[in-house]
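Input: a single structure, listed below in structure tokens.
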């Protein structure tokens, strides 16, 4: 009887152990996010933060990094097209939608976002990636390339900030280099006045030309409102970039801008091309 009881207890312990193991094996690869995720959006823990991203396609990895007051949704027109040829990952950087951030904290910076992108590439086992950054996201992508060139297959920068220190010394160039901070300061003042619609209109029209905000669909305007908290946390500071750093890049680089792009981007791109033979596309 005593032996039977011991045998039954051992069997129960074995069953409990097997149940625990089976439960562990069926846990999802990406843990549940701390905030609701839209359909089709995943998250993965990077540097203690649940980073949201949208993923599709197969082939060489292409990582898309959005600019200020945007998130992964800004690539809606390109995402499906890119996914026909590439394994596309469109990220939402730390504290951007779908998180609703109030702008308070000490972990919002280009440097932090660089570290998060590097961790994402590692955790998803992407190896070398095609890295595309737009505007503020261009500064993130540029600094990923500076700090971890071994991760870059190609670097694509669309109207990127972060190259202000490449501009030759002149009053006009100094004024252009200060535009980002001025734009952010004006945006903060408009938000503080309690008129988010005015804040969105002036910010967007300054970057894209008069009437840009009026042409946006309601859902596109909502992207702005979903990310206004990041304005409070953004100092506008970008890590300095030198010609020596650019000259060391051993991967293809493509610089993109448009007819209505603010003048400073074209000037900064010209300065970057002066450091190295780089392809340009308008």
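The values are calculated or read from the model by the stated rules, or taken from the named source; none is laboratory data. Here the structure is a predicted model, which is why all the values come from computation and not from measurement. For neighbour counting, all protein chains shown are included, and Cβ atoms are generated from backbone atoms with ideal geometry for every residue, glycine included.
Does any residue of segment 160-179 turn out to be in contact with a strand residue (DSSP E or B) (Cβ under 7 Å, 6 or more places away or on another chain), over 14 Å from residue 130 (Cβ atoms) and modelled with pLDDT of 90 or more? Walk me through it before giving the result.
Applying the first criterion (in contact with a strand residue (DSSP E or B) (Cβ under 7 Å, 6 or more places away or on another chain)) to segment 160-179 yields 160.
When the remaining residues are screened for being over 14 Å from residue 130 (Cβ atoms), the result is 160.
Narrowing further to those that are modelled with pLDDT of 90 or more: 160.
So far as segment 160-179 goes, yes, one or more of its residues are in contact with a strand residue (DSSP E or B) (Cβ under 7 Å, 6 or more places away or on another chain), over 14 Å from residue 130 (Cβ atoms) and modelled with pLDDT of 90 or more.
If we scan segment 212-225, do we find a residue that is closer than 16 Å to residue 66 by Cβ, free of Cβ contacts under 8 Å to residues at least 12 places away in the same chain and in contact with a helix residue (DSSP H, G or I) (Cβ under 9 Å, 6 or more places away or on another chain)?
yes
Condition first: in a helix (DSSP H, G or I), out of contact with any strand residue (DSSP E or B) (no Cβ under 7 Å at 6 or more places or on another chain) and surrounded by 18 or more Cβ atoms within 10 Å (Cβ to Cβ). Now tell me which residues in segment 246-271 satisfy that.
Start the filter on segment 246-271 by keeping residues that are in a helix (DSSP H, G or I), which leaves 246-247, 263-271.
Still in the running and out of contact with any strand residue (DSSP E or B) (no Cβ under 7 Å at 6 or more places or on another chain): 246-247, 263-268, 270-271.
Result: 246, 264, 265, 267, 268, 271.
Hey, can you tell me all the residues within segment 50-69 that are in contact with a strand residue (DSSP E or B) (Cβ under 9 Å, 6 or more places away or on another chain) and over 24 Å from residue 153 (Cβ atoms)? First the steps, then the outcome.
Within segment 50-69, the first condition is being in contact with a strand residue (DSSP E or B) (Cβ under 9 Å, 6 or more places away or on another chain), and the residues that meet it are 50-67.
The one that is in contact with a strand residue (DSSP E or B) (Cβ under 9 Å, 6 or more places away or on another chain) and over 24 Å from residue 153 (Cβ atoms): 50.
Just one of 139, 199, 145 is touching a helix residue (DSSP H, G or I) at 6+ places or on another chain (Cβ under 7 Å), assigned to a helix (DSSP H, G or I) and at pLDDT 95 or above; which is it? Working first, answer last.
Numbers: 199 fails: at pLDDT 95 or above; 145 fails: touching a helix residue (DSSP H, G or I) at 6+ places or on another chain (Cβ under 7 Å).
Selected residue: 139, the only one of 139, 199, 145 that is touching a helix residue (DSSP H, G or I) at 6+ places or on another chain (Cβ under 7 Å), assigned to a helix (DSSP H, G or I) and at pLDDT 95 or above.
What tally of residues in segment 233-272 results from selecting those that are closer than 19 Å to residue 172 by Cα and without any contact (Cβ under 8 Å) to a residue 40 or more places away in the chain?
2
Counting just the residues of segment 54-72 that are crowded, with 21+ Cβ neighbours inside 10 Å and not in a loop (DSSP other than H, G, I, E, B), which one comes out farthest from the chain's Cα centre (by Cα)?
Going through segment 54-72, the residues crowded, with 21+ Cβ neighbours inside 10 Å turn out to be 54, 61-72.
Okay, now just the ones that are also not in a loop (DSSP other than H, G, I, E, B), so 54, 61-65, 72.
Numbers: 54: 12, 61: 15, 62: 13, 63: 9, 64: 7, 65: 4, 72: 8 Å.
Residue satisfying both the conditions and the ranking: 61.
Output yes when any residue across segment 117-136 is out of contact with any strand residue (DSSP E or B) (no Cβ under 9 Å at 6 or more places or on another chain) and in contact (Cβ under 8 Å) with a residue 24 or more places away in the chain, and no when none is.
Within segment 117-136, the first condition is being out of contact with any strand residue (DSSP E or B) (no Cβ under 9 Å at 6 or more places or on another chain), and the residues that meet it are 125.
From what's left, in contact (Cβ under 8 Å) with a residue 24 or more places away in the chain: none.
No, segment 117-136 has no match at all.
I'd like to know if segment 230-240 contains one or more residues that are within 26 Å of residue 128 (Cα to Cα), at pLDDT 90 or above, in a helix (DSSP H, G or I) and in contact with a helix residue (DSSP H, G or I) (Cβ under 8 Å, 6 or more places away or on another chain).
No, that holds for no residue.
Which residue is surrounded by the most Cβ atoms within 10 Å (Cβ to Cβ), if the candidates are limited to segment 73-99 and must be touching a helix residue (DSSP H, G or I) at 6+ places or on another chain (Cβ under 7 Å) and assigned to a loop (DSSP other than H, G, I, E, B)?
Within segment 73-99, the match that is surrounded by the most Cβ atoms within 10 Å (Cβ to Cβ) is 93.
So residue 209 passes all but one of these: (1) modelled with pLDDT of 90 or more; (2) surrounded by 12 or more Cβ atoms within 10 Å (Cβ to Cβ); (3) within 26 Å of residue 72 (Cβ to Cβ). Which condition number does it fail?
Failed condition: (1).
Here are the criteria: (1) buried (at least 16 other Cβ atoms within 10 Å of the Cβ); (2) over 18 Å from residue 280 (Cβ atoms); (3) in contact with a strand residue (DSSP E or B) (Cβ under 8 Å, 6 or more places away or on another chain); (4) in contact (Cβ under 8 Å) with a residue 40 or more places away in the chain. Tell me which single one residue 153 does not satisfy.
Condition (1) is where residue 153 drops out.
Please work out which residue is surrounded by the fewest Cβ atoms within 10 Å (Cβ to Cβ), limiting yourself to segment 170-202 and to residues that are within 26 Å of the chain's Cα centre (by Cα), under 16 Å from residue 264 (Cα atoms) and in contact (Cβ under 8 Å) with a residue 12 or more places away in the chain.
Taking segment 170-202 first, the residues within 26 Å of the chain's Cα centre (by Cα) are 176-192, 196-202.
Narrowing the set further to residues that are under 16 Å from residue 264 (Cα atoms) leaves 176-184.
With in contact (Cβ under 8 Å) with a residue 12 or more places away in the chain added as a condition, the list becomes 176-177, 179-181, 183-184.
Working: 176: 18, 177: 19, 179: 17, 180: 22, 181: 15, 183: 17, 184: 17.
Going through the qualifying residues, I end up with 181.
Would you mind stating whether residue 142 is free of Cβ contacts under 8 Å to residues at least 40 places away in the same chain and crowded, with 17+ Cβ neighbours inside 10 Å?
No; evaluated as a whole, the condition is false for this residue.
Can you report the number of residues in segment 212-229 which are assigned to a loop (DSSP other than H, G, I, E, B) and either crowded, with 18+ Cβ neighbours inside 10 Å or more than 23 Å from the chain's Cα centre (by Cα) (or both)?
Taking segment 212-229 first, the residues assigned to a loop (DSSP other than H, G, I, E, B) are 216-217, 227-228.
If we keep only those that are either crowded, with 18+ Cβ neighbours inside 10 Å or more than 23 Å from the chain's Cα centre (by Cα) (or both) too, we end up with 227-228.
Residues in segment 212-229 being assigned to a loop (DSSP other than H, G, I, E, B) and either crowded, with 18+ Cβ neighbours inside 10 Å or more than 23 Å from the chain's Cα centre (by Cα) (or both): 2 in total.
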